[in-house]
Amino acid sequence: MDARFLGTAELTEVPPVAVVVDVMRAFTVAAWAFAQGAERIVLAESPDEALALKARHPDWIALKDGPPTPGFDAVNSPGLLRSVDLGGRTVVQKTTAGTVGALAVKDASLVLCASFVVAEATARLLRTRGCDSVTFVVTGENGEADEDLACAQYIARRTTGDGTDAAEFLRRAGRSRAAAELTQGVRRGVHPDDVALCLELDRFPFAMAAAQEGSLMVLRPCAVPSPIDEASN
């Protein structure tokens, strides 16, 4: 597999297959939202769009990064979201990096959103689809976030072969600037368990695929073949 690792601003053309990575915290939060029962996640272009969607659909859950904000129901924290019942709900998510990266590649034929908690499922889906060329979008810190690059590199290696040890990739993420800022309280809207939850490898068995549904970019959980089913194909 030909793997490229680019920041959002480095995208000069629409890739055929894109894996958009935001470990701390957008796509860890998204995975937790699905685990808590959310039916779908609408990726919003801006806070104003998120609030407009919420106004039109009062039963939707609006979520953004940063501190609690009037009009929004939740913040971009897996530690805070894991106790929220989202059964059957639509979540509207707007973050600084992750949702921006996903919207930048919305015209790709396959868009997956990923973090460590869905790493193996994402790699397995790429293998199942036989993807020869994959662009990994490193969303944090203008493409320099080491937690996102580490996760992207790990998924790329898992896609092309077995036996990749995750330990060093997780260590890099744990030493990243984002992890330090979350731990030290530099970022707001944070739960003390957020970093540990973001580093929980393969917590969930599904991948997450985003696609246009009408005028909206919508993220949904995507079932993948089990290792036994994959081996038999």
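The values are calculated or read from the model by the stated rules, or taken from the named source; none is laboratory data. As the structure is a computational prediction, the values presented were derived from the model and not from experiment. Positions of Cβ are backbone-derived with ideal geometry, glycine not excepted, and every protein chain shown enters the neighbour counts.
At-a-glance table
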{"item": "The range 105-148: number of residues that are in a helix (DSSP H, G or I), under 14 Å from the mean Cα position of the chain (by Cα) and farther than 20 Å from P78 by Cβ", "result": "1"}
{"item": "Residue match in the range 22-44 (condition: out of contact with any strand residue (DSSP E or B) (no Cβ under 6 Å at 6 or more places or on another chain), part of a loop (DSSP other than H, G, I, E, B), modelled with pLDDT of 95 or more and farther than 26 Å from P205 by Cβ)", "result": "no"}
{"item": "Selected residue (criterion: surrounded by the most Cβ atoms within 10 Å (Cβ to Cβ)) from residues of the range 44-62 that are under 21 Å from G87 (Cβ atoms) and touching a helix residue (DSSP H, G or I) at 6+ places or on another chain (Cβ under 6 Å)", "result": "A62"}
{"item": "Residue in the range 155-194 that is surrounded by the most Cβ atoms within 10 Å (Cβ to Cβ), counting only those that are within 25 Å of V134 (Cβ to Cβ) and among the β-branched types (V, I, T)", "result": "I155"}
{"item": "R187 vs. criteria over 15 Å from the mean Cα position of the chain (by Cα), more than 18 Å from Q36 (Cα to Cα), in a loop (DSSP other than H, G, I, E, B) and not acidic (D, E)", "result": "yes"}
{"item": "Residue within the range 54-63 that is in contact (Cβ under 8 Å) with a residue 60 or more places away in the chain and either in a loop (DSSP other than H, G, I, E, B) or touching a Leu at 6+ places or on another chain (Cβ under 8 Å) (or both) present", "result": "no"}
{"item": "Of all residues making up the range 61-73, the number that are within 17 Å of the chain's Cα centre (by Cα) and either closer than 19 Å to R203 by Cβ or modelled with pLDDT of 95 or more (or both)", "result": "3"}
{"item": "Contacts under 9 angstrom Cβ, first residue in the range 198-210 being under 19 Å from A179 (Cα atoms), partner among the small types (G, A, S) and part of a strand (DSSP E or B), 6 or more apart", "result": "none"}
{"item": "Members of the range 63-101 that are aliphatic (A, V, I, L, M) and surrounded by fewer than 23 Cβ atoms within 10 Å (Cβ to Cβ)", "result": "A74, V75, L80, V84, L86, V100"}
{"item": "From the options D107, D162, residue that is farther than 28 Å from V14 by Cα and of a type in the set (D, E, K, R)", "result": "D162"}
